[in-house]
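Before any comments, here is the structure.
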Amino acid sequence: MKFILHKLTIAVFLLIAIPFVSFSRDITSINSGWEFIKSPTNIDTIINISGWSQVSIPHTWNNMDAQTGNGFYAGTAWYRRKLEIPQDSINKRFYIKF
């Protein structure tokens with residue numbers, strides 16, 4: 001009896017899960033192509049200035065501070081990256097996982 005109940009439970013689970021298998025997700029890494037700047041100013045004032053460094057994520061933004069002898073920077077730092085969304089994906093949902 002337990003064997004039949006076990007098999008029946010598995011069959012019901014598979015019948016419920018089959019419709020959801022058709023919904024696949026595209027996973028795209030956005031770890032590269034980032035820009036970085038150390039600046040205490042508001043993002044609105046630095047958006048168009050030069051001096052942004054090209055980095056990949058994960059990124060250690062203060063890794064050179066101790067090596068230069070200037071101590072550790074303890075201010076504001078900014079990252080930015082453009083994400084281009086294709087026209088045929090405008091009404092789709094996007095999830096960004098950090």
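Observations on the model:
- Inter-label distance for Asn91 and Ser32, nm, one decimal - labels placed 7 Å from Cα along Cα-to-Cβ: 3.4 nm
- Here's how it looks for Thr76: its modeled amide H is under 5 Å from those of Ser39, which are all 5 or more places away or on a different chain.
- Peptides 32-43, 74-85 ranked from most to least packed give 32-43, 74-85, packing being the mean of other C-beta atoms within 10 angstrom over each peptide's residues.
- Segment Trp78-Ile49, length gained on full extension (0.36 nm per residue, minus Cα span): 9.2 nm
Values in this text are rule-based calculations from the coordinates and carry no lab data. Please read these numbers as outputs of a predicted model, since none were measured by experiment. Glycine gets a Cβ as well: all are built from the backbone with ideal geometry, and neighbour counts include every protein chain shown.
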